[in-house]
Amino acid sequence: MNNAQAADVAVIGGGPAGLAAAIAADRAGAKTILIEREPRLGGILKQCIHDGFGLIRFGEKLSGPEYSYRCIEELRGTAVEPKLLSFVTRINKTGKGFSLTLTERRGLCSISAKALVLATGCRERTARQVAIHGERPAGVLTAGAAQYYTNILGQLPCRRCVILGSGDIGLIMARRLHLEGAEVLGVYEARPAPSGLFRNIAQCLDDFGIPLYTSRTVTQVFGRRHLEGVELAAVDEAMRPIPGTEERITCDGLILSVGLIPENELAESLKVPIHQATRGPVCDQHYMTAVPGIFCCGNALQVNDLVDYVSESGETAGSSAAFYAGGECIDGKTASGSTGGGSIAGITGDGGFLCMIPQRLDLNRLEDEVTVFFRSKSERGKTLVRARTSKGRELFSRSYGQLRPPEMERLILKVKEAGLRGGDQINFTMEETGA
């Protein structure tokens, strides 16, 4: 094994979240190492050639490669050491922090760090994970794989295709494949409502006459070596196929856009508690998990709909990791006495909320304002969202014209003067106020 390297902060993942975390940790005075398993930084953005990125962060519409290029250029202005083609195989908790074992081009490498930032992103569900029956013929691809073939390799993966799932990447690939000359027969969604952003439905489907079918799914694929067709069926409220509604369609491509799963195997190996709804670690407002010294950000924490929010969470996690590791941080403070323990207040939502981040507040380091992200469990009309402490003090009240599960909402809580104590709760509620 090569000689061990030491760092204050080790960031795992070189996508937009990891880039933002590494830059923020470096600027906060921490010696930082950035670990990326691919040969290039940028994550999934490298293959996202459509625009719409960066409206919040940069104030203009950028393509994915343009967005990642700006982040990489920022990184080049720091002292961060990026380690490419490096795969983390093991992490051990030590008395002084963490010991990481990496597999890289030269062999095995060891890194010690006082704090970790997990920016490992997410992965797509496969056909087997959504119980589609049949063989495993060529032509069944996730939307991300189809995007890679089309945008990076310059190869059209199919000529006549069905897209299962109305997630944003599936909608974007419907348009992309149509523009490249493929016949897109339709986008089929098992739920009664589409799961992508309205703007993508309008710009990717409606503008090109691509039909969207809800409450329908693929139940079987046909073909042994190559895909020859699929069976479609209507589904009931429990998303179970309805007998007698089956329809067979001839096609050579089935593109799956059936959900994303945060990659948290490393977090789980360190016994980091995972939230059931977000599929990412339980965290506080600094994005530190329930295991002191381990921070998480980006799509590993929760699947975001905007890359701008991914970068924002990376900045918070990186600067907070530097603070924890003992480097200078915001307002010139140091991490002396900050152990990640101490007084904790909880954040909870009523039955109308699908998920909320953060789920807890570290009262030892409580700023004037705390950013909270949430998603509604179902589509709702005009809705009043309120936040109150367990003692009845109102911290937030706002009326939303519409709430949809695919669209993440961001709000600011003013908590400094709320008089919170360990064990207190901030409770969010939803109340419909009209059509």
- request: Output the relative contact order of segment 200-334, whole-number percent, from Cα pairs under 8 angstrom with separation of 6+ residues.
  value: 12
query: Between 42, 121, 209, which gets the highest mean-square fluctuation from a Gaussian network model of the chain, Cα cutoff 10 Å?
result: 209
- prompt: Which shape class, rounded, prolate or oblate, goes with segment 242-330 when its Cα gyration tensor gives a ≥ b ≥ c as root eigenvalues, a/c under 1.5 marks rounded, and past that a/b bigger than b/c marks prolate?
  reply: prolate
query: With r defined as the distance between the Cβ atoms of residue 49 and residue 364 and R0 fixed at 56 Å, what FRET efficiency is calculated, to the nearest 0.05?
result: 0.80
- prompt: Among 64, 24, 254, which residue has its Cα positioned farthest towards the positive end of the charge dipole of the chain, with +1 placed on the Cβ of Lys and Arg, -1 on the Cβ of Asp and Glu, and the dipole taken about the Cα centre?
  reply: 24
- prompt: Which whole-angstrom value gives the distance between the alpha carbon centres of segment 81-113 and segment 386-406?
  reply: 42
- line: So for the chain, using the alpha carbon gyration tensor with a ≥ b ≥ c as root eigenvalues (a/c under 1.5 gives rounded; past that, a/b versus b/c decides prolate or oblate), I'd call it oblate
message: Per residue, how much accessible surface does the chain expose to a 1.4 Å probe? Answer in Å², no decimals.
response: 45
message: Angle check, please: helix 64-76 long axis (alpha carbons) against the longest principal axis of the chain (alpha carbons), in degrees 0 to 90, nearest 10.
response: 20
query: What number, rounded to the nearest 500 deg cm²/dmol, is the helix-based mean residue ellipticity at 222 nm of the chain, given -39500 (n - 2.57) per DSSP H run of at least four residues and division by all its residues?
result: -5000 deg cm²/dmol
- prompt: Residue by residue through segment 259-264, which ³J(HN,Hα) values in whole Hz follow from phi under the Karplus form 6.51 cos²θ - 1.76 cosθ + 1.60 (θ = phi - 60°), with glycine and proline marked x?
  reply: x, 10, 10, x, 8, 10
- line: Restricting to Cα pairs under 8 Å and 6 or more apart, the percent relative contact order of segment 258-297 works out to 27
message: Just to be sure I understand: of the beta bridges DSSP finds with both ends in segment 73-197, what percent are antiparallel, rounded to 5?
response: 75
query: In the chain, what percentage of the DSSP-assigned beta bridges are antiparallel, given to the nearest 5?
result: 60
message: Around residue 69, under 14 Å between beta carbons, what's the net of Lys plus Arg minus Asp minus Glu among the other residues?
response: 0
query: Which is farthest toward the positive dipole end of segment 54-209 among 141, 190, 98, measuring Cα position about the Cα centre, with Cβ charges +1 (Lys, Arg) and -1 (Asp, Glu)?
result: 98
field: Surface share of carbon and sulfur [accessible, 1.4 angstrom probe, percent] for the chain
entry: 48
query: What size of dipole, in debye to the nearest 20, comes out for the chain about its Cα centre when the only charges are +1 on Lys and Arg C-beta atoms and -1 on Asp and Glu C-beta atoms?
result: 860
Karplus 3J(HN,Hα) series, Hz, for segment 290-300 with 6.51 cos²θ - 1.76 cosθ + 1.60 (x for Gly, Pro): 6, 9, x, x, 10, 10, 9, 7, x, 6, 6
- prompt: Once you charge only the Cβ atoms, +1 for Lys and Arg and -1 for Asp and Glu, what is the size of the charge dipole of segment 18-173 about its Cα centre, to the nearest 20 debye?
  reply: 540
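The values are calculated or read from the model by the stated rules, or taken from the named source; none is laboratory data. What you see is a predicted model, and the numbers here were worked out from it, not measured in a lab. Here the Cβ is made from the backbone with ideal geometry for all residues, glycine too, and neighbour counts use every protein chain on show. We work out accessible area using only protein heavy atoms, side chains counted, and drop any ligands, DNA or RNA first. Shrake-Rupley method; radii C 1.70, N 1.55, O 1.52, S 1.80 Å.
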